[in-house]
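Inspection log for the structure reproduced underneath, given as structure tokens.
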Amino acid sequence: MTYKEARAFIDDTSKYGYILGLDTVTELLSRLGNPQDALKFVHIAGTNGKGSILAYVSTILKEAGYRVGRYISPTIFEYRERIQVNEAYIPEEAVARLAEQIAKAGQDMLSEGLAHPTAFEVETALAFLYFKEMNCDIVVLETGMGGLTDATNVVKTTLVSAFASISMDHMGFLGDTLEEIAKMKAGIIKPDTVVVSTIQKPQARRVLQETCREKGASYREVQAAEIRDKKISFADQSFTYKDRANLRPGILGSCQLENVATAVEVIEALGELGYPVSEEALRKGLKETRWIGRFTVVDEKPLFMVDGAHNRDAADRLLETLNLYVPEKRKIFIIGVLGDKEYDYMMSRLAPEAERIVTVMTPDNQRALPAEALAETVRRYNPHVEAAQSIPEAVEKARSYAGEDGMVLAFGSLSYLGDLIRAVKKDAG
């Protein structure tokens with residue numbers, strides 16, 4: 001099987017949908033020798049901030065000399081980005097070779113009357129096979145959706161379960177209340193393990209604490225009062241957490257202080273479990289962490305930023321971040337969203353902040369909301385909106401409206417940001 005054939009096989013498995021549950025992935029991995037059982041995991045769930053916490057933890061561990069696997073979704077630039085070892089993408093050769101093994105196992109399951117693995121289950125198995133092959137010391141594993149019935153939850157050798165902020169998202173799959181969603185996410189907690197959480201809303205906190213009591217797991221949560229001495233600007237972003245002064249995150253955004261504090265707690269927990277990290281490696285790792293799509297500067301003339309805010313909580317955080325970092329700038333927005341997100345709420349919060357708005361339809365996604373339909377929603381909160389026919393057209397229009405003294409912010413679904421960044425770079429020449 002070539003890389004192209006492997007990608008075609010994985011793309012074809014998307015016809016099996018996204019099925020929550022562990023039966024099929026458990027069967028698949030059993031046929032592949034259960035590679036996940038040879039690995040140790042930091043397993044991360046939550047609604048907003050999972051990727052940032054993963055980036056901090058994995059970069060710090062890499063700086064400390066560990067061989068670290070990363071499994072993430074969705075990706076920004078290319079398919080192989082979702083499976084990395086020490087920040088290097090899985091090679092095409094490995095994707096082809098391992099996908100061939102998985103394809104055979106999947107075909108055998110189908111011929112025996114069993115369900116065929118979904119695309120996410122195939123990718124999860126591919127990641128575990130590769131991480132085992134690469135002898136990873138630790139794998140930092142991001143859940144796809146939820147936790148309890150997410151394919152990643154097949155793992156049994158978790159060292160630390162970590163929780164980013166839990167808020168309302170994927171209600172059709174996970175539940176209609178914050179408690180129901182938190183229960184699904186708390187499903188990754190394993191007996192007698194360490195659980196680390198960012199600052200949570202009371203309803204989510206109660207669920208996490210209750211689950212820890214049931215499982216005999218220890219619980220520690222970042223305390224807002226222990227985040228002090230905040231300096232937040234493009235020029236100088238630093239803060240103190242507990243007794244660590246002058247921590248400098250590599251990612252911009254108001255929420256990053258909490259994400260860093262959570263990552264520090266994860267690193268401390270790993271140290272207690274026999275994975276020590278020096279203070280130098282921790283500080284260097286934080287500073288060196290990069291995570292495209294989280295209030296990221298992609299060009300400077302005019303200032304052009306991208307952010308993957310795509311739900312209620314993320315919209316509120318993005319508004320807070322704009323007011324902290326660029327309160328005086330004239331703002332031009334490019335927005336593209338998926339139709340199953342709470343985009344009306346997002347527009348009610350963010351659209352009034354912009355001088356002009358250009359909407360786009362995210363490409364190659366069945367869930368994408370058409371640009372015209374999004375523009376209609378935006379119009380309720382800001383009349384200065386137009387729909388673009390393509391991402392390059394949106395970039396060109398936004399740049400011209402921003403001029404030299406304004407800024408452009410593209411936000412919404414992560415699924416279009418890679419194409420948009422490429423268009424920005426090409427336009428900048």
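Observations, loosely collected:
- The listed residues are Asp169, Asp176, and the only one of them that is in contact with a His (Cβ under 9 Å, 6 or more places away or on another chain), modelled with pLDDT under 95 and not hydrophobic (A, V, I, L, M, F, W, C) turns out to be Asp169.
- Checked against the criterion of being surrounded by fewer than 24 Cβ atoms within 10 Å (Cβ to Cβ) and within 22 Å of the chain's Cα centre (by Cα), the candidates Val306, Val337, Val326, Val298 yield just one match: Val298.
- The condition of being out of contact with any Gly (no Cβ under 7 Å at 6 or more places or on another chain), in contact (Cβ under 8 Å) with a residue 40 or more places away in the chain, surrounded by fewer than 23 Cβ atoms within 10 Å (Cβ to Cβ) and among the polar types (S, T, N, Q) holds for only one of Ser167, Ser161, that being Ser167.
- Complete set of residues in region 197-247 that are basic (Lys, Arg) and either buried (at least 16 other Cβ atoms within 10 Å of the Cβ) or farther than 20 Å from Thr321 by Cα (or both): Arg205, Arg206, Arg213, Lys215, Arg220, Lys242, Arg244
- Taking the listed residues Ala162, Ala115, the one that is within 20 Å of Tyr275 (Cβ to Cβ) and not hydroxyl-bearing (Ser, Thr, Tyr) is Ala162, with no other qualifying.
- Met361 satisfies every condition listed in (1) surrounded by fewer than 17 Cβ atoms within 10 Å (Cβ to Cβ); (2) aliphatic (A, V, I, L, M); (3) not in a helix (DSSP H, G or I) except (1).
- Of all residues in region 285-301, those that are in a strand (DSSP E or B) have Cβ atoms under 6 Å from Cβ atoms of residues that are among the small types (Gly, Ala, Ser) and at pLDDT below 95, 6 or more apart or on another chain, in Asp299/Ala428.
- Residues in region 208-253 that are in a helix (DSSP H, G or I) and more than 22 Å from the chain's Cα centre (by Cα): Gln209, Glu210, Thr211, Cys212, Arg213, Glu214, Lys215, Ala224, Ala225, Glu226.
- Taking the criterion of being assigned to a loop (DSSP other than H, G, I, E, B) and under 17 Å from Leu420 (Cβ atoms), the only residue of region 346-358 that qualifies is Ala354.
- Subset of region 364-401 (residues that are assigned to a helix (DSSP H, G or I), touching a residue at least 12 places away in the same chain (Cβ under 8 Å) and of a type in the set (Ser, Thr, Tyr)): Thr377, Tyr401
- Applying the set (1) touching a residue at least 40 places away in the same chain (Cβ under 8 Å); (2) of a type in the set (A, V, I, L, M); (3) part of a helix (DSSP H, G or I) to Ile199 leaves exactly one unmet item: (3).
- Scanning region 119-147 for residues that are in contact with a Ser or Thr (Cβ under 6 Å, 6 or more places away or on another chain) and part of a loop (DSSP other than H, G, I, E, B) gives Thr143, Gly144.
- Residue in region 25-56 that is surrounded by the fewest Cβ atoms within 10 Å (Cβ to Cβ), counting only those that are farther than 22 Å from Pro191 by Cα and β-branched (Val, Ile, Thr): Thr47
The values are calculated or read from the model by the stated rules, or taken from the named source; none is laboratory data. Since the structure is predicted, the reported quantities are computational estimates derived from the model, not experimental observations. Note that we place each Cβ from the backbone using ideal geometry, even for glycine, and neighbour counts take in every protein chain shown.
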